[in-house]
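Take a look at the structure set out below.
The values are calculated or read from the model by the stated rules, or taken from the named source; none is laboratory data. What you see is a predicted model, and the numbers here were worked out from it, not measured in a lab. With ideal geometry, Cβ positions are generated from the backbone for all residues, glycine too; neighbour counts draw on all protein chains shown.
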Amino acid sequence: MSDVNPINYRIHLEPDLSGFKFKGNVEISLEAVEPVHEISLNILDLAIVNCSVKQDGSYVDCPFSLETEKEEMRISLPEERGGKLDLKIEYEGEINDKMAGFYRSRYVLGGNEKYIAVSQFEESDARRAFPCFDHPLKKATFEVEMIVDEKLVAISNAPITAEKSLGEGRKLVKFERTPRMSTYLLFLGVGEFEFIEDRGKVLVRVATMPGMTAYAKFGLEFGRKALEFSEDYYGIKYPLPKLDLIAIADFAAGAMENWGAITFRENLLLHYPNITSKAGEERICEVIAHEMAHQWFGNLVTPSDWKYLWLNESFATYFGYGIVTHYYPEWDIWEQFLHGQTDGALDRDALHETFPIEIPGGEHVVITASTAPIIYSKGGSVLRQVERYVGKENFKGGLRHYLRKHEYGCASSHDLWEALEEVSAMPVTKMMKSWIEQPGFPLVEVKREGDTLLLTQRRFTYLDKEAEQQWLIPVAIQVFYGDGQSKRISTLLESRSMHLDVGGDVVAYKINHEQTGFYRVRYLEGNDLEALGSRVATKELSQEDRWGIQNDLYALVRGGQVSIDDYLQFLASYSKEDAFLPLTSIAGNLFRAHLIFQGAREDKISSTGKSLLERVLSDIGFEPEPEERHTVSILRDQILWHLALYESADVLEFAAAKFSSLMRGQKLHPDIMRSVMQIGALQGDKSVFEWFTERLASSESEHERMDMLAALGSFKELKLIEKAQQYVLEEVPPRNKFVPITYMAANPHAVPHMWAWYRSNLEALEKFHPMHYERVIAAIVPVGGLGYEEEVDSFFQGYMGKKEKAKDVIKLSLERLRINSRMRNSL
Ligand SMILES: [Zn+2]
């Protein structure tokens, strides 16, 4: 990287919302460590009008050339220069429809189609809005000003310092200088924003489209809470005078942590009374908490290179849950973390096609369907493991030390673990290196030898792989003795294998007590697993442990080491299970297995799922109760849909009645809205399809739209599935097109048709936002490719060369297809 560093950017923008264009000019003050002839800046899709450098107090024009492939402009200086330099560049650009860079987002007001302009710059799209050194290490301060329509509101990271009318309905809006920060965190927004606010030491506001502030109160209140928690926990005050949470209709990702101007999809910030479910409400809190953590992890201390992106996302994921649990301990957030993050990460990371949390490749690392489960979910899970290992206070102390030491600067992985090691005086560096710098995770195999347990580790992959890897594994074991006592034993597994003395008269033992470790366990002796099974049945084991035992067993089924019949048989231990975590996991595992297997096996899976879930549903009730736990509501919505697919007569009847009253205009409880709509579609005809499309067009809440998009993916009849597919391509807005497709890809009635549909609509699908297109591949191929394995393989062999960027996602999808195919064909 060049030794030329930006100090300050003065950005002047004139967006034209009717022509979708903007004029800009940027003055960059920079410093060349060594004398240079040439300066390279990143640009993309900008037309440069003029480029000049300050010389003896006035600007002189500079020649420049464009390197389009490299997304760079090269400026030739009139003479070799070192030290401080000022560049000025005039340019023009488009307010695009790509949901990247400076782009437009559509909304409808009073029947009229309208637009706002907003920015999304991570990882490398600030260059679409102004020429810059577009790398996280190149921190600078920013002074933004915009000329906008007098009736519009402009938002950026810092507060407004001055607004001046320019006549002819236009005004100049100037913003305060930002703290020193990276380009990807800058925000620019112009539109008919409305606000609600909470004045405190820091002004917290929620910005929405006109008429939507009524739905903003919940997010505003939780935003304030998350800010207070963060300042207190990290021990560093939030440095800006204001913090905006901005709801944006057209948004590719979930949210973006721009410093002081966080942007969200509408359904992840706005809360609609009587429509937003408990699950939706939790998701809002989790996302706000996640973005709030980024104001420190990412914004204040930034990765020095994209390969350290985990330093942002792992912490934000971890605190996304940590902050919520602080305010809502009754929501069972850590159980949801294990199911929603750790489980997905273990599944993702058990593929050959994986990579370390510290992703090799630096500059080209981006957040994709391939990388996200590793840097968010695995990273967050490894942090949970480390926190349990060093203890809560050491963890907090280490993080405070790390943030303080690197504030307004950049850091790499070793800076973090050195800080944790310094505070805890434990071998954190050695341990973290084994988890962060190598791909995959271990399987710990265990058997008894006399009064000891023999623990052995090797890498866990679904498909066979020779790997000489080892990890430093903190192992906690709960040991049960013949006299009825039990105790927890902790150790570090530092080598390939070890004997651990557990004493005599051991009747059972559970490895990975409370599931704090990021690894799978295999009990090599059937008796040991059986002994655990009986403690599952009596609930002597915690719900985390009850979850882990069956979930590891299911992973071994996917790995070909255990048969699905043995897994189903083991589920007998869960006949009285009533806890969310094991139940949601069992329901999910059975559901996925049922998509893969055929014939008698499939029947057996459905009937096991049906009887287990019918029993659960009769325990918790079909209808939501006013004071019930969140996890009960979330589980009910999940299993109603599964039971409908297993053809549970009671569920089909219940949902049909609910759905027809909904169609007649009656209210439906938000906590069963999604499943009832899905089952309505499943049992529906053409008139139901039309009801959904009419309601989608008129609905004012993104939460309701999300439920209906799920339903669009849930039809049974082929004709309706095809109509829904066509509707997705033609009518659903780009930001949401992937949503019904992912539901179709997990709908057993649509699955057999998805591969052919993908192939014949390739051109339309390729136009999706790259992140969404990858999600479509990752959703369709692993199950939809069953039965077409050779065709799928040969198609992608050629295709990968053309679609370089989707390569990782294609490879992991093909590997999942191989795993599923082997399961289906297993004896
Ligand atoms: Zn994030």
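Within the range 412-432, track down each residue that is touching a residue at least 24 places away in the same chain (Cβ under 8 Å) and either of a type outside the set (Gly, Ala, Ser) or in contact with a Ser or Thr (Cβ under 9 Å, 6 or more places away or on another chain) (or both).
Narrowing the range 412-432 to residues touching a residue at least 24 places away in the same chain (Cβ under 8 Å): 412-413, 416, 420, 422-424, 426-428, 430-432.
Across the range 412-432, the qualifying residues are Ser412, Leu416, Leu420, Glu422, Val423, Met426, Pro427, Val428, Lys430, Met431, Met432.
Among the charged types (D, E, K, R) and part of a loop (DSSP other than H, G, I, E, B) - does that describe any residue in the range 542-564? Walk me through it before giving the result.
Within the range 542-564, the first condition is being among the charged types (D, E, K, R), and the residues that meet it are 544-546, 552, 558.
Now restrict to residues that are part of a loop (DSSP other than H, G, I, E, B): none.
Looking for residues that are among the charged types (D, E, K, R) and part of a loop (DSSP other than H, G, I, E, B), one finds none in the range 542-564, hence no.
Quick check: anything in the range 149-167 more than 27 Å from Ala249 (Cβ to Cβ) and either touching a His at 6+ places or on another chain (Cβ under 7 Å) or part of a loop (DSSP other than H, G, I, E, B) (or both)? Reasoning before the result, please.
Keep residues of the range 149-167 that are more than 27 Å from Ala249 (Cβ to Cβ), which gives 161-162, 164-167.
Filter once more, keeping what is either touching a His at 6+ places or on another chain (Cβ under 7 Å) or part of a loop (DSSP other than H, G, I, E, B) (or both): none.
Within the range 149-167, not a single residue is more than 27 Å from Ala249 (Cβ to Cβ) and either touching a His at 6+ places or on another chain (Cβ under 7 Å) or part of a loop (DSSP other than H, G, I, E, B) (or both).
Go through the range 550-587 residue by residue and tally those that are in contact with a His (Cβ under 8 Å, 6 or more places away or on another chain) and under 21 Å from Gly784 (Cα atoms).
Within the range 550-587, residues that are in contact with a His (Cβ under 8 Å, 6 or more places away or on another chain) and under 21 Å from Gly784 (Cα atoms) number 1.
Looking at the range 647-659, is at least one residue over 33 Å from the mean Cα position of the chain (by Cα), over 18 Å from Leu613 (Cα atoms) and not charged (D, E, K, R)?
Within the range 647-659 (the criterion being over 33 Å from the mean Cα position of the chain (by Cα), over 18 Å from Leu613 (Cα atoms) and not charged (D, E, K, R)), the answer is yes, since at least one residue qualifies.
Starting from the range 169-180, take each residue that is at pLDDT 95 or above and list its partners that are small (Gly, Ala, Ser), counting only C-beta distances under 6 angstrom and pairs at least six apart or across chains.
The qualifying pairs are Lys171/Ser165; Val173/Ala154; Lys174/Ala162; Phe175/Ser156; Phe175/Ala158; Glu176/Ala158; Thr178/Ala158.
Among Thr317, Thr325, which is the only one that is under 19 Å from the mean Cα position of the chain (by Cα), within 15 Å of the ligand (Cβ to nearest atom) and polar (S, T, N, Q)?
On the way: Thr325 fails: within 15 Å of the ligand (Cβ to nearest atom).
So the residue among Thr317, Thr325 that is under 19 Å from the mean Cα position of the chain (by Cα), within 15 Å of the ligand (Cβ to nearest atom) and polar (S, T, N, Q) is Thr317.
Which residue is surrounded by the most Cβ atoms within 10 Å (Cβ to Cβ), if the candidates are limited to the range 7-39 and must be more than 33 Å from the chain's Cα centre (by Cα) and not in a strand (DSSP E or B)?
Among those residues, the one meeting the criterion is Gly19.
Take the residues of the range 40-67 that are among the aliphatic types (A, V, I, L, M) and without any contact (Cβ under 8 Å) to a residue 24 or more places away in the chain: which is surrounded by the fewest Cβ atoms within 10 Å (Cβ to Cβ)?
That would be Val60.
How many of the residues in the range 473-504 are part of a loop (DSSP other than H, G, I, E, B) and closer than 14 Å to Arg388 by Cα? Write out each step before concluding.
Here is the first cut: in the range 473-504, the ones part of a loop (DSSP other than H, G, I, E, B) are 482-485, 494-496, 502-504.
Subset that is closer than 14 Å to Arg388 by Cα: none.
Counting residues in the range 473-504 that are part of a loop (DSSP other than H, G, I, E, B) and closer than 14 Å to Arg388 by Cα gives 0.
So Ala252 clears everything in (1) more than 14 Å from the ligand (Cβ to nearest atom); (2) within 15 Å of the chain's Cα centre (by Cα) except one condition, right? Which one?
Of everything listed in (1) more than 14 Å from the ligand (Cβ to nearest atom); (2) within 15 Å of the chain's Cα centre (by Cα), Ala252 misses just condition (1).
Does Glu353 satisfy the criteria of being part of a helix (DSSP H, G or I) and away from the ligand (no atom under 16 Å from the Cβ)? Step through it out loud before you land on a result.
Working: part of a helix (DSSP H, G or I): no; away from the ligand (no atom under 16 Å from the Cβ): yes.
Spelling it out, it is not the case that Glu353 is part of a helix (DSSP H, G or I) and away from the ligand (no atom under 16 Å from the Cβ).
Report yes if Gly235 is away from the ligand (no atom under 16 Å from the Cβ) and over 30 Å from Asn96 (Cα atoms), otherwise no.
Working: away from the ligand (no atom under 16 Å from the Cβ): yes; over 30 Å from Asn96 (Cα atoms): yes.
So Gly235 passes the test.
Pairs, please: C-beta under 8 Å, at least 6 apart or cross-chain, first residue in contact (Cβ under 8 Å) with a residue 40 or more places away in the chain and more than 14 Å from Pro303 (Cα to Cα) and in the range 394-411, second of a type outside the set (A, V, I, L, M, F, W, C) and crowded, with 18+ Cβ neighbours inside 10 Å?
Leu399/Tyr234; Arg400/Tyr234
Would you point out the residue of the range 267-287, among those that are part of a helix (DSSP H, G or I) and more than 16 Å from the chain's Cα centre (by Cα), that is farthest from Lys667 (Cα to Cα)?
Per the criteria, the residue is Glu281.
Specify which of the listed residues (Thr342, Thr325) is surrounded by fewer than 23 Cβ atoms within 10 Å (Cβ to Cβ), in a helix (DSSP H, G or I) and of a type in the set (S, T, N, Q).
Numbers: Thr342 fails: surrounded by fewer than 23 Cβ atoms within 10 Å (Cβ to Cβ).
Just one listed residue meets the conditions, Thr325.
Condition first: crowded, with 23+ Cβ neighbours inside 10 Å and either on the phi > 0 side of the Ramachandran plot or in a loop (DSSP other than H, G, I, E, B) (or both). Now tell me which residues in the range 252-266 satisfy that.
Across the range 252-266, the qualifying residues are Glu257, Asn258, Trp259, Gly260.
On the given criteria, is Gly200 more than 30 Å from Ile7 (Cβ to Cβ), free of Cβ contacts under 8 Å to residues at least 60 places away in the same chain and away from the ligand (no atom under 16 Å from the Cβ)?
On the way: more than 30 Å from Ile7 (Cβ to Cβ): yes; free of Cβ contacts under 8 Å to residues at least 60 places away in the same chain: yes; away from the ligand (no atom under 16 Å from the Cβ): yes.
Judged against the criteria, Gly200 is a match.
May I ask you to verify whether Asp305 is away from the ligand (no atom under 12 Å from the Cβ) and at pLDDT below 95? Working first, answer last.
Working: away from the ligand (no atom under 12 Å from the Cβ): yes; at pLDDT below 95: yes.
Yes; evaluated as a whole, the condition is true for this residue.
Tell me, which residue of the range 376-421 that is in contact with a Pro (Cβ under 8 Å, 6 or more places away or on another chain) and small (Gly, Ala, Ser) is surrounded by the fewest Cβ atoms within 10 Å (Cβ to Cβ)?
Applying the first criterion (in contact with a Pro (Cβ under 8 Å, 6 or more places away or on another chain)) to the range 376-421 yields 385, 388-389, 408, 410-412, 421.
Subset that is small (Gly, Ala, Ser): 411-412.
Numbers: Ala411: 21, Ser412: 14.
Among those that are in contact with a Pro (Cβ under 8 Å, 6 or more places away or on another chain) and small (Gly, Ala, Ser), it is Ser412.
Taking interchain pairs and intrachain pairs at least six residues apart, which have beta carbon atoms under 7 angstrom, with the first residue in the range 254-266 and more than 12 Å from Asn157 (Cα to Cα) and the second more than 10 Å from the ligand (Cβ to nearest atom) and in a loop (DSSP other than H, G, I, E, B)?
What qualifies is Arg265/Phe251; Glu266/Ala249.
Would you say Ala261 is under 22 Å from the mean Cα position of the chain (by Cα), among the hydrophobic types (A, V, I, L, M, F, W, C), within 14 Å of the ligand (Cβ to nearest atom) and at pLDDT 95 or above?
Numbers: under 22 Å from the mean Cα position of the chain (by Cα): yes; among the hydrophobic types (A, V, I, L, M, F, W, C): yes; within 14 Å of the ligand (Cβ to nearest atom): no; at pLDDT 95 or above: yes.
No: the conditions fail for Ala261.
When you go through Tyr408, Tyr389 one by one, which is the residue that is touching a strand residue (DSSP E or B) at 6+ places or on another chain (Cβ under 9 Å) and on the phi > 0 side of the Ramachandran plot?
Going through Tyr408, Tyr389 in turn, the sole match is Tyr408.
Condition first: among the polar types (S, T, N, Q) and in a helix (DSSP H, G or I). Now tell me which residues in the range 760-781 satisfy that.
In the first step, residues of the range 760-781 are kept if they are among the polar types (S, T, N, Q); the result is 760-761.
Matches in the range 760-781: Ser760 only.
Give the range 592-636 a look and list any residue that's in contact with a helix residue (DSSP H, G or I) (Cβ under 7 Å, 6 or more places away or on another chain), part of a helix (DSSP H, G or I) and either in contact (Cβ under 8 Å) with a residue 60 or more places away in the chain or surrounded by fewer than 15 Cβ atoms within 10 Å (Cβ to Cβ) (or both), or say none.
Ala593, His594, Leu595, Ile596, His630, Thr631, Ser633, Ile634
Here's a check for you: in the range 288-302, which residue that is among the small types (Gly, Ala, Ser) and either assigned to a helix (DSSP H, G or I) or away from the ligand (no atom under 12 Å from the Cβ) (or both) is surrounded by the fewest Cβ atoms within 10 Å (Cβ to Cβ)? First the steps, then the outcome.
Of all residues in the range 288-302, those among the small types (Gly, Ala, Ser) come to 289, 293, 298.
The next check asks that each one be either assigned to a helix (DSSP H, G or I) or away from the ligand (no atom under 12 Å from the Cβ) (or both); those that pass are 289, 293.
Values: Ala289: 29, Ala293: 27.
Step by step, filter the range 288-302, then rank; the result is Ala293.
Got at least one residue in the range 356-366 being out of contact with any strand residue (DSSP E or B) (no Cβ under 8 Å at 6 or more places or on another chain), surrounded by fewer than 19 Cβ atoms within 10 Å (Cβ to Cβ) and free of Cβ contacts under 8 Å to residues at least 40 places away in the same chain?
No, the range 356-366 contains no residue that is out of contact with any strand residue (DSSP E or B) (no Cβ under 8 Å at 6 or more places or on another chain), surrounded by fewer than 19 Cβ atoms within 10 Å (Cβ to Cβ) and free of Cβ contacts under 8 Å to residues at least 40 places away in the same chain.
Tell me, please, whether a residue that is assigned to a helix (DSSP H, G or I) and in contact with a Pro (Cβ under 7 Å, 6 or more places away or on another chain) can be found in the range 676-698. Give the steps one after another, and end with the answer.
Of the residues in the range 676-698, the ones assigned to a helix (DSSP H, G or I) are 676-682, 686-698.
Those left that are additionally in contact with a Pro (Cβ under 7 Å, 6 or more places away or on another chain): none.
Scanning the range 676-698 turns up no residue that is assigned to a helix (DSSP H, G or I) and in contact with a Pro (Cβ under 7 Å, 6 or more places away or on another chain).
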